[in-house]
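The values are calculated or read from the model by the stated rules, or taken from the named source; none is laboratory data. Here the structure is a predicted model, which is why all the values come from computation and not from measurement. Cβ placement follows ideal geometry from the backbone for every residue including glycine, while neighbour counts extend to all protein chains displayed. Surface accessibility is based on the protein's heavy atoms, side chains included, excluding ligands, DNA and RNA. Shrake-Rupley method; radii C 1.70, N 1.55, O 1.52, S 1.80 Å.
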Amino acid sequence: MTLDTKFMIEALPEIIRYVPVTLRLALGAVLIALVFSGLFAFILLKKVPVLDKIVKVYLSVIRGTPIILQMFVIYKIAPSVLQAYFTKIHSGIDIFEIDNSWYAYLALSLSATAFFTEAIRAAILSVDKGQLEAAYMVGMTAPVAFWRIILPQAIGVALPIMCNTIVDTVKATSLAFAMAVTEVTGAAKILGGMSLRYFEAYLDIFFVYLILIFAIEFLLKRLEKWLVRYRKATA
Amino acid sequence: MREFHFEIMVEFYFKILPYLTITITYVFFSLLFGFLLGALTAYFRLSKNPVLKAISGAYITVMRCVPSIVFLFLVYYGLPGLMRTHFGIDMNDVDAIVYVIITFSIMLGAYTSEIMRSAYLSVDHGQFEAAVLVGMDSLTAFRRIIFPQALHAAIPNVGNIIIFMLKEGALAYIIGLQDVLGRGYYLNSLKANAYSMETYLALTLIYWPLTLLLEKAFRELEKRHSIAFLIQKKSSGKEVKA
């Protein structure tokens with residue numbers, strides 16, 4: 001097999017052009033997930049009736065099905081649900097004008113939300129109850145005690161798992177082509193298809209992902225270190 | 001929204017279900033080869049040879065940083081050409097499942113090596129020294145002292161990796177394999193994608209209970225394999241005998 005290195009070099013800038021799309025998808029999904037996982041973790045910890053059952057089923061279904069299937073479902077249901085809704089309120093918004101990226105954010109955030117929720121819940125439970133009691137003893141109110149005593153300690157526990165989930169989300173963006181969103185993998189698919197040099201195109205993105213995810217992991221590790229810097233001060 | 005056809009969903013469910021054997025086949029073989037490769041990698045990683053250590057470390061990093069789908073494409077489009085030009089082997093008639101097993105064996109090799117390494121390191125080294133001190137040779141000490149304890153530490157992670165493989169393997173539909181998801185995709189496309197919702201619900205009702213079952217089984221296994229449980233079983237067994 002002869003490797004067409006000329007094609008690989010020519011295709012590389014075309015592929016790198018789509019790196020921001022990949023990053024945007026991952027970032028959007030992570031931000032959505034952060035909001036909802038905070039809410040869901042709160043529901044689970046407070047044992048809000050009915051809602052906590054719904055959240056539990058949600059977590060179980062998401063953990064139990066392939067991401068690609070979740071994407072199919074969102075890509076199929078979300079537009080028709082939205083359309084039904086928009087027609088009902090006579091908003092005049094055309095469903096076909098909504099960018100596919102929005103569905104991709106939603107689909108990618110489903111599993112990120114599930115894993116974040118688990119991480120946050122476990123982390124908050126891991127903080128010794130005596131800490132909260134001590135905070136009350138010195139006169140802190142519940143929200144202050146949560147923000148200043150519980151949360152900083154819980155972050156240290158939750159971060160490694162959350163960083164893993166972020167990396168997994170970046171990897172999962174490679175499935176966005178199933179929702180007709182062109183990111184790095186989608187670009188390679190198109191370039192490979194036009195020239196019939198699939199292997200070269202995929203080898204290109206192999207290196208792109210390798211560098212990209214390696215860099216993201218490195219940055220997340222740094223962020224993690226910075227966020228738990230209090231540990232050094234107390235040690 | 002279009003109305004939901006329950007009977008179509010049931011029909012699809014039972015049409016897809018037999019293809020679970022395909023899914024189980026690639027999950028099984030990927031895990032088998034993955035664990036063999038992983039054991040070798042973990043052994044290299046823990047060895048004192050710096051070259052082997054660096055190679056296994058690089059292998060693990062690369063596998064962790066690349067999405068499975070990209071690696072699946074590389075194997076699917078690259079391996080036949082490589083085999084033809086370098087070994088003269090024609091892979092045209094090879095079934096798609098072979099590419100899936102090769103891809104995920106290599107990926108799981110990296111993941112499982114980390115599981116095995118951390119399980120091995122979780123056992124206190126003093127245990128090994130004590131075993132050698134009472135006269136065991138190092139292989140027996142590993143087999144009878146280290147391995148059972150490392151196995152217990154690894155159980156939850158092994159459960160997770162099986163579930164990971166079950167779900168990640170669904171990507172095989174992209175190279176045309178008809179496993180559970182692939183069959184659903186095919187059946188749906190035969191009907192011009194008119195029954196997508198029914199198909200996806202049928203698929204969910206196959207994958208979801210299966211993962212629940214696996215999760216439960218591994219939780220139970222972990223409990224049964226815990227030292228407290230084993231001691232209890234042993235002592236209660238003695239009472240029966242006495």
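Would you confirm, using the coordinates I've provided, whether A:Ile120 is surrounded by 15 or more Cβ atoms within 10 Å (Cβ to Cβ), within 14 Å of chain B (Cβ to nearest Cβ), among the β-branched types (Val, Ile, Thr) and assigned to a helix (DSSP H, G or I)? No. Among residues of the stretch A:71-85 that are at pLDDT 80 or above and part of a helix (DSSP H, G or I), those with a beta-carbon under 6 Å from a residue that is among the aromatic types (Phe, Trp, Tyr) and open to solvent by less than 50 Å² (accessible area, probe 1.4 Å) at least six positions away or on a different chain give the pairs A:Phe72/B:Tyr200; A:Val73/B:Tyr200; A:Ile74/A:Tyr103; A:Tyr75/A:Tyr103; A:Ala78/A:Tyr103. Scanning the stretch B:132-174 for residues that are polar (S, T, N, Q) and either closer than 16 Å to B:Met116 by Cα or in contact with a strand residue (DSSP E or B) (Cβ under 9 Å, 6 or more places away or on another chain) (or both) turns up B:Gln149, B:Asn157, B:Asn160. Restricting B:Met91, B:Met107 to residues that are open to solvent by less than 10 Å² (accessible area, probe 1.4 Å) and of a type outside the set (Ser, Thr, Tyr) narrows the list to B:Met107. In the stretch A:134-217, counting only helices (runs of 4 or more DSSP H) that sit wholly within it, the ones holding 2 or more residues that are within 9 Å of chain B (Cβ to nearest Cβ) and under 27 Å from the mean Cα position of the chain (by Cα) span A:151-172, A:184-195. Of everything in the stretch B:28-66 that is within 14 Å of another protein chain (Cβ to nearest Cβ) and over 16 Å from the mean Cα position of the chain (by Cα), the residue that is nearest to A:Gly193 (Cα to Cα) is B:Val66. Only one of the numbered conditions (1) under 22 Å from B:Leu212 (Cα atoms); (2) of a type in the set (A, V, I, L, M, F, W, C); (3) surrounded by fewer than 17 Cβ atoms within 10 Å (Cβ to Cβ) is not met by A:Ile89, and that is (1).
Every listed requirement among (1) farther than 22 Å from A:Leu159 by Cα; (2) in contact (Cβ under 8 Å) with a residue 24 or more places away in the chain is met by A:Ala33 save one, (1). A residue that is within 14 Å of chain A (Cβ to nearest Cβ), open to solvent by 60 Å² or more (accessible area, probe 1.4 Å) and closer than 30 Å to B:Ala150 by Cα occurs somewhere in the stretch B:217-224.
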